[in-house]
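S.K.: Can you keep this structure in mind? I'll have questions shortly.
The values are calculated or read from the model by the stated rules, or taken from the named source; none is laboratory data. Given the structure is predicted, the values throughout are model-derived calculations rather than measurements. We place every Cβ from the backbone using ideal geometry, glycine too, and count neighbours over all the protein chains shown. Surface accessibility is based on the protein's heavy atoms, side chains included, excluding ligands, DNA and RNA. Shrake-Rupley method; radii C 1.70, N 1.55, O 1.52, S 1.80 Å.
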Amino acid sequence: MGHLSLVTLLVPDYDEAIAYYTGRMGFELREDTPLDQPDAPGKRWVVVAPGPGAQTALLLARAATGPQRERIGDQTGGRVAFFLTTDDVDADVRRLAAAGVSVEQPPRDEPYGRIAVLVDRYGNRWDLLGPGRPGGGPSA
């Protein structure tokens, strides 16, 4: 077996989601291919990833039905849905907050490393995970 390559993320609009994830979150647009189908006009294959080396990316899927639209931003029932790793949680939180990303919980140290919780434009919760601080204790 290989690796997990894509995770579907329901969004209300392709262009709005591309602008948010590439402009505010700093992701790269890897693909945007029209898939016009008789039963799904305007459908596209849109893939964004957190960086050039990322093996796992998001497939931005425009919600097409009522039940799909109801799940935008809450695909996990309120739990954290996505986990991003970084070498510097604090610097990335400052950058993301300056770009307009909502920081639900500021950086803190946990036994498994440094963590901050973000909320994207649609209400999805993200953990930003990095190595713990030298000395292992919580920051002052």
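S.K.: Which residues, counting only those in region 43-65, are within 14 Å of the chain's Cα centre (by Cα) and hydroxyl-bearing (Ser, Thr, Tyr)?
M.R.: Of everything in region 43-65, just one residue is within 14 Å of the chain's Cα centre (by Cα) and hydroxyl-bearing (Ser, Thr, Tyr), namely 56.
S.K.: For residue 1, only one of the following conditions fails: (1) at pLDDT below 95; (2) farther than 28 Å from residue 130 by Cβ. What is its number?
M.R.: Exception for residue 1: condition (2).
S.K.: For residue 132, are the conditions met, namely being part of a loop (DSSP other than H, G, I, E, B), out of contact with any Leu (no Cβ under 7 Å at 6 or more places or on another chain) and modelled with pLDDT under 95? Lay out the reasoning, then the answer.
M.R.: On the way: part of a loop (DSSP other than H, G, I, E, B): yes; out of contact with any Leu (no Cβ under 7 Å at 6 or more places or on another chain): yes; modelled with pLDDT under 95: yes.
In short, yes.
S.K.: If you check 76, 22, which single one turns out to be loosely packed, with under 15 Cβ neighbours inside 10 Å and outside any loop (DSSP other than H, G, I, E, B)?
M.R.: Details: 76 fails: outside any loop (DSSP other than H, G, I, E, B).
One residue alone meets the criteria, 22.
S.K.: Among the residues of region 79-108, count how many are within 23 Å of residue 29 (Cα to Cα), of a type in the set (Asp, Glu) and open to solvent by less than 60 Å² (accessible area, probe 1.4 Å).
M.R.: Selection size over region 79-108: 1.
S.K.: Let me ask you something else. Suppose we keep only residues that are assigned to a strand (DSSP E or B) and of a type in the set (D, E, K, R) within region 25-62. Which one would you say is nearest to residue 117 (Cα to Cα)? Spell out how you get there, then give the answer.
M.R.: Step one: of region 25-62, the residues assigned to a strand (DSSP E or B) are 28-34, 37, 40, 44-49, 57-62.
Imposing the further condition that a residue be of a type in the set (D, E, K, R) reduces the set to 28, 30-32, 44, 62.
Working: 28: 21, 30: 25, 31: 27, 32: 28, 44: 30, 62: 25 Å.
Here the residue is 28.
S.K.: From the set of residues in region 43-54 that are open to solvent by 30 Å² or more (accessible area, probe 1.4 Å) and either among the aromatic types (Phe, Trp, Tyr) or at pLDDT below 95 (or both), which is farthest from residue 83 (Cα to Cα)?
M.R.: Residues of region 43-54 that are open to solvent by 30 Å² or more (accessible area, probe 1.4 Å), as a first pass: 43-45, 50, 52-53.
This time we only want the ones that are either among the aromatic types (Phe, Trp, Tyr) or at pLDDT below 95 (or both), so: 43, 45, 52-53.
Working: 43: 27, 45: 22, 52: 17, 53: 16 Å.
So the residue we want is 43.
S.K.: Within region 25-37, can one find any residue that is exposed (fewer than 14 other Cβ atoms within 10 Å of the Cβ) and touching a residue at least 60 places away in the same chain (Cβ under 8 Å)?
M.R.: No, region 25-37 has no match at all.
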